[in-house]
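Read through the structure below, which is laid out as structure tokens, and then see the notes.
The values are calculated or read from the model by the stated rules, or taken from the named source; none is laboratory data. Here the structure is a predicted model, which means the values were calculated and not measured. Methodologically, a virtual Cβ is constructed for each residue, glycine included, from the backbone with ideal geometry; neighbour enumeration extends over all protein chains shown.
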Amino acid sequence: MAGSGSGGVRPDEPAEIGRRVLRLRTELGLTQRQLAEPAYTPAYVSTLESGKVRPSEAALRHLAQRLGVTPGELATGRPARLAAELRLRLTDARRALATGSPEDAAPLFRELCAEAVEHALPEERAAALLGLGECLLESGDLDDAHACFTSVERLLADEPLPRRVPAIRGRANAHRLTGELRYACHLLETALDQLNASGLHDPDALLLLYSASIAPYMDMGAHERAAHAAELALALAPRVEDPALLAGMHRGVARTLIAQGRVAEADASLAKAQDLYQQLHLRTELAHCHWMRGYVHAQDGDLEGAEHELRTAHDMLTAKRAALYAHQVEVELADVLRRRGRTEEAEALLRPLLAAGPRATEIPALRAGRGAVHKGAAHRLLGLIAEECGDTEGAEEHYRAALPLLERAGAAGDVAGLCCLLGDLLRRTGRTEAAMDAYRTGLARRTTPGTTTLGPAPAPPPM
């Protein structure tokens with residue numbers, strides 16, 4: 001991956017400074033005496049150019065003035081204003097990601113990362129890697145995204161924890177999309193505990209972590225813990241000014257409201273997020289709002305409205321080439337189409353997501369390690385369609401294919417519901433003992449509503 005190496009020789013080492021002085025002096029046609037006088041001797045310049053001594057701050061200022069550069073440029077080799085220019089280009093790259101496709105933005109971040117490595121600018125390198133990680137998340141390259149976020153954490157290891165929180169959130173998202181829900185929760189909860197234990201009650205960092213934790217909690221069936229995280233996020237919101245953070249909070253809170261049956265409030269929360277994302281021109285996040293509003297309509301029985309919102313989300317994500325998210329929306333849309341009685345359309349959406357292509361290099365769009373939870377959901381839907389068509393053997397095959405995917409992800413509620421479907425199918429086909437085993441498996445996964453096996457929740461911050 002571009003920019004993931006150590007960066008080679010440090011540009012501020014004496015030998016590098018000496019070579020730089022020699023090159024600039026030669027280009028200007030100066031002798032060592034002309035460069036040295038009146039403050040220094042030719043012998044000092046000779047010793048410096050050979051890399052045997054590091055110039056003092058006073059010597060750097062004198063030499064830089066004679067050589068026509070800044071002291072910082074002479075000491076590090078960085079052109080004047082380079083860091084500021086890189087930061088401006090990072091803003092442009094982030095805008096390209098927000099309004100265009102991750103495939104178009106990724107090369108910009110890679111180029112910036114390489115330049116930051118070349119000129120020993122660790123903060124700018126970390127920012128470029130963070131942006132590249134977000135690009136890779138959108139395009140579904142989860143392993144490379146994880147590597148980017150890990151590199152950012154390593155680069156900022158000596159910085160205060162709030163500086164590393166965006167990378168921690170990114171790494172947790174990569175694990176969640178991979179299907180490792182429990183570990184995603186562990187990363188976010190550990191960071192929350194460390195922030196609170198160290199007294200670093202940074203409202204932006206806390207809001208980002210609490211908002212990010214809602215999705216894996218909900219996927220695991222830990223609704224009570226998700227609701228608590230949403231309450232804390234809402235309490236922090238008045239202390240946060242970043243509109244993107246606030247929009248993400250509203251989007252996360254909506255999920256907990258849906259689970260509580262508060263559909264109108266969920267829709268209002270999504271409307272707030274949608275307004276903020278439109279103002280910020282964040283197309284992927286705006287698509288996620290349409291996606292979730294489709295889910296809200298589906299929960300409320302408005303299947304026509306649900307289909308409209310999901311198709312809008314899918315069109316936006318496809319236009320942005322955010323492949324993994326687009327495939328996940330196709331699973332949600334297929335569920336709505338099946339419920340509307342259009343099973344052939346639903347099946348036509350689902351089968352390509354699970355089928356490998358004719359060439360060895362063509363792999364399924366959804367698979368273990370990449371959208372595992374939605375792959376399990378796709379198999380469950382195909383099982384329901386097969387069962388409705390009287391194909392009990394095909395239905396059982398899909399239910400059994402879904403089960404290990406959801407179990408590995410820790411999606412306890414989905415596992416319990418799937419075991420109930422499988423048990424009912426087995427019972428109807430006369431396999432009572434096998435049905436009992438399926439029911440027992442489901443009961444073992446179905447904990448008390450709102451609880452989880454994650455361990456103690458993070459301590460809340462003082463408000």
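Okay, residues lined up against (1) of a type outside the set (A, V, I, L, M); (2) closer than 27 Å to Gly413 by Cβ:
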| residue | (1), (2) |
| --- | --- |
| Glu123 | yes, no |
| Ala126 | no, no |
| Leu161 | no, no |
| Gly170 | yes, yes |
| Ala197 | no, no |
| Glu231 | yes, yes |
| Leu236 | no, no |
**Report entry** Residue pairs meeting the criteria (Cβ under 7 Å; at least 6 apart or on separate chains; first closer than 16 Å to Ala346 by Cβ, in the range 378-400; second outside any helix (DSSP H, G or I))
**Finding:** Ala378/Leu366
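Search the range 189-202 for residues being over 19 Å from the mean Cα position of the chain (by Cα) and in a helix (DSSP H, G or I), and hand back the single one that is farthest from Pro166 (Cα to Cα).
Going through the range 189-202, the residues over 19 Å from the mean Cα position of the chain (by Cα) turn out to be 193-202.
Subset that is in a helix (DSSP H, G or I): 193-197.
Details: Asp193: 16, Gln194: 15, Leu195: 13, Asn196: 17, Ala197: 19 Å.
Among those residues, the one meeting the criterion is Ala197.
Please find, among Glu345, Glu330, the residue that is under 17 Å from Val373 (Cα atoms), touching a helix residue (DSSP H, G or I) at 6+ places or on another chain (Cβ under 9 Å) and at pLDDT 95 or above. Talk me through it step by step, then tell me what you get.
Working: Glu345 fails: under 17 Å from Val373 (Cα atoms).
Unique residue meeting the criteria: Glu330.
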Query raised in the report: Taking Ala145, is it under 22 Å from Ala247 (Cα atoms) and surrounded by 19 or more Cβ atoms within 10 Å (Cβ to Cβ)?
Result: no
Query raised in the report: Pick from the range 203-227 the residues that are over 26 Å from Gly371 (Cα atoms) and either surrounded by fewer than 20 Cβ atoms within 10 Å (Cβ to Cβ) or modelled with pLDDT under 90 (or both): which of them is farthest from the chain's Cα centre (by Cα)?
Result: Pro203
Query raised in the report: Failed condition for Ala326, given (1) under 26 Å from the mean Cα position of the chain (by Cα); (2) closer than 25 Å to Ala271 by Cβ; (3) among the aliphatic types (A, V, I, L, M); (4) surrounded by 23 or more Cβ atoms within 10 Å (Cβ to Cβ), with all others met?
Result: (4)
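Does at least one position in the range 249-267 carry a residue that is of a type in the set (Lys, Arg) and over 21 Å from Gly301 (Cα atoms)? Quick ask: steps written out before the conclusion?
Initially, the range 249-267 is screened for residues of a type in the set (Lys, Arg), giving 251, 255, 262.
Filter again for over 21 Å from Gly301 (Cα atoms), leaving none.
No, every residue in the range 249-267 fails to be of a type in the set (Lys, Arg) and over 21 Å from Gly301 (Cα atoms).
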Query - Candidates Leu132, Leu86, filtered to the one that is of a type outside the set (D, E, K, R), in a helix (DSSP H, G or I) and modelled with pLDDT of 95 or more - result: Leu132
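Which of the following residues is of a type in the set (Lys, Arg) and touching a Lys or Arg at 6+ places or on another chain (Cβ under 9 Å): Arg66, Arg154? Show your work before the answer.
On the way: Arg154 fails: touching a Lys or Arg at 6+ places or on another chain (Cβ under 9 Å).
The unique qualifying residue is Arg66.
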Query raised in the report: How many residues are over 19 Å from Val373 (Cα atoms), surrounded by 23 or more Cβ atoms within 10 Å (Cβ to Cβ) and either in contact with a Ser or Thr (Cβ under 9 Å, 6 or more places away or on another chain) or in contact (Cβ under 8 Å) with a residue 24 or more places away in the chain (or both) when one looks only at the range 302-312?
Result: 1
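Out of all the residues in the range 107-125, which are of a type in the set (A, V, I, L, M, F, W, C) and buried (at least 24 other Cβ atoms within 10 Å of the Cβ)?
Going through the range 107-125, the residues of a type in the set (A, V, I, L, M, F, W, C) turn out to be 108-109, 112-114, 116-117, 120-121.
Matches in the range 107-125: Phe109, Leu112, Cys113, Ala116.
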Query raised in the report: Do you know which of the residues in the range 154-187 that are of a type in the set (Val, Ile, Thr) and modelled with pLDDT of 95 or more is farthest from the chain's Cα centre (by Cα)?
Result: Val165
Query raised in the report: Can you tell me which of Ala174, Ala191, Ala244 is surrounded by 24 or more Cβ atoms within 10 Å (Cβ to Cβ), in contact with a helix residue (DSSP H, G or I) (Cβ under 8 Å, 6 or more places away or on another chain), over 30 Å from Gly417 (Cα atoms) and of a type in the set (Gly, Ala, Ser)?
Result: Ala191
**Report entry** Candidates Arg251, Arg255, Arg262, Arg239, filtered to the one that is among the charged types (D, E, K, R), surrounded by 23 or more Cβ atoms within 10 Å (Cβ to Cβ) and over 16 Å from the mean Cα position of the chain (by Cα)
**Finding:** Arg255
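Which ones in the range 391-423 are among the acidic types (Asp, Glu) and modelled with pLDDT under 95? Explain how you work it out, then say what you get.
Taking the range 391-423 first, the residues among the acidic types (Asp, Glu) are 391, 393, 396-397, 407, 414.
The answer is Glu407, Asp414.
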